[in-house]
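These notes are about the structure you will find just below.
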Amino acid sequence: MTIATAIAVTPGKPDTLHRIQLDVPDPGPGEVLIDVIRCGICGTDREVAAGHDGSSPEGKSEIVLGHEMLGRVAKVGDGVSQFAPGDLVTATVRRPDGCPCCQAGQMDMCLWHQYKEHGIHGLNGYLASQVIVHAEYVIPVPPQLEATGVLTEPLTVVEKAVRQAELIQRRMAVWEPKTALVTGAGPIGILGTLLLRSKGIEVYTTARTSAPTRASQVVESAGAHYVSTRDESIADLATRLGNVDIILESTGASEVAFEAMQALGINGVLVLLSIGDRSVTADVPVGQINHGLVTGNKVVVGSVNANHEDWAAAAARLETFETLWPGLTESIITNRVPIDGDISVILNEPHDAIKTVIEFGK
């Protein structure tokens, strides 16, 4: 047994962010003990830390944060042959509740919504110096991706989004997307931009802040176009572009979803990836939106979490990014905080940051 340092909160209560010490036993049968190298911070972590979301493991009052992890295998339990000490790995987030989709291996499409998620609902997260994960949920990361492997989890979100869009478009004899719009230039939007660019699609990424920014520099370095909505609205941009084949919406602003519905082109797919404030209401041209969706054979689909195949695809995609744009993906990580540093950054990220990670120095 070892002692791990972790960062936890009391769900439902603000201002409870703190370090704790955890007992970590040796891995049991089928389990993998992982030394965490670094753990990414995202908007969901901030929601849990602010007391707006999250639930503790059964019988506990607090939960360890973190679901974007990169680590190295320290030990394996009996029966584990696919991993060995020293392997670079990450781990999936959601655990099944036994619904038909979960039983079929599609936890991301859970029917009953009684699942648990590490660092979010019912299970301690990966923001700890050591964690134990069952081998079936451990994902291998190529050893050359130590610098960027922590981005695997957020990349799975857009891997699933694009995979779902492609599955939906099998309804058509021919779908060859040429133009894409990505709304939002946070980590998800930027990774979505890189993914679509890696497929040879012309991408326009929108955000409120005018260029130059760190985000605009990454977007433009991948050959995409960064557009500030202060300079050109989404509606005007869509008019200028003509037919927009696919839109990934990742702003976290619900009203943008309806702007995207109007911007979507004929036979296009809009994938909604962000969740806005559920109390927000707005006047929208419902007749115009309805007419456009029906007469244009357009699809609007929500997408959350990711399947095992998306995790494998994300790890491979990071290698592709590095081949196409050496060093660019690592530049998404703009803020590195040691585990013994100022952890308040989890709640208050610098305004110009793209991705913050907590470093364990492994």
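Bear in mind these aren't lab numbers, they're just calculated from the coordinates by the rules spelled out. Computed from a predicted structure; not experimentally measured. A quick note on method: Cβ atoms are made from the backbone with ideal geometry, for glycine too, and the neighbour counts reach across all protein chains shown.
A convex hull fitted to the Cα coordinates of the chain yields 147 cubic angstrom per residue.
Within the same chain, lysines fewer than 8 places from Lys199 are excluded, and of the rest, those with a Cα less than 17 Å from its Cα are Lys160, Lys178.
Measuring between their Cα centroids, region 229-259 and region 74-139 lie 35 Å from each other.
Partners of Lys60 within straight-line reach, counting lysines whose Cα lies under 22 Å from its Cα and excluding those fewer than 8 residues away in the same chain: Lys13, Lys116.
Just the Kirkwood number for region 103-215, please: inverse of mean 1/r across all distinct Cα pairs, in Å, one decimal.
So the Kirkwood estimate lands at 17.2 Å.
The relative contact order of region 156-302, computed from alpha carbon pairs under 8 Å that lie at least 6 residues apart in sequence, is 21 percent.
Give me the distance between the Cα centres of region 168-188 and region 4-58, rounded to whole Å. That distance is 34 Å.
Given the -39500 (n - 2.57) contribution per DSSP H run of 4+ residues, what per-residue ellipticity at 222 nm results for the chain, rounded to the nearest 500 deg cm²/dmol?
Details: 9 runs with 93 residues, N = 362.
Theoretical 222 nm ellipticity from helices: -7500 deg cm²/dmol.
Protection proxy ranking, highest mean first, for peptides 186-195, 134-143, 288-297: 186-195, 134-143, 288-297, where packing is the per-residue count of other beta-carbon atoms within 10 Å, averaged. On a per residue basis, the convex hull of the C-alpha atoms belonging to region 156-302 measures out at 106 Å³.
From largest to smallest, what semi-axes in whole angstrom does region 270-362 give when each is the square root of 5 times an eigenvalue of its alpha carbon gyration tensor? Please list the in-between numbers first.
Details: eigenvalues 256, 98, 33 Å².
The three semi-axes for region 270-362 are 36, 22, 13 Å.
In straight-distance terms, cross-link reach from Lys75 covers every one of the lysines whose alpha-carbon lies under 18 Å from its own, apart from those fewer than eight places away in the same chain; here that gives Lys362. Shape verdict for region 24-76, please, from the Cα gyration tensor: rounded (a/c under 1.5), prolate (a/b greater than b/c) or oblate. In terms of gyration-tensor shape, oblate.
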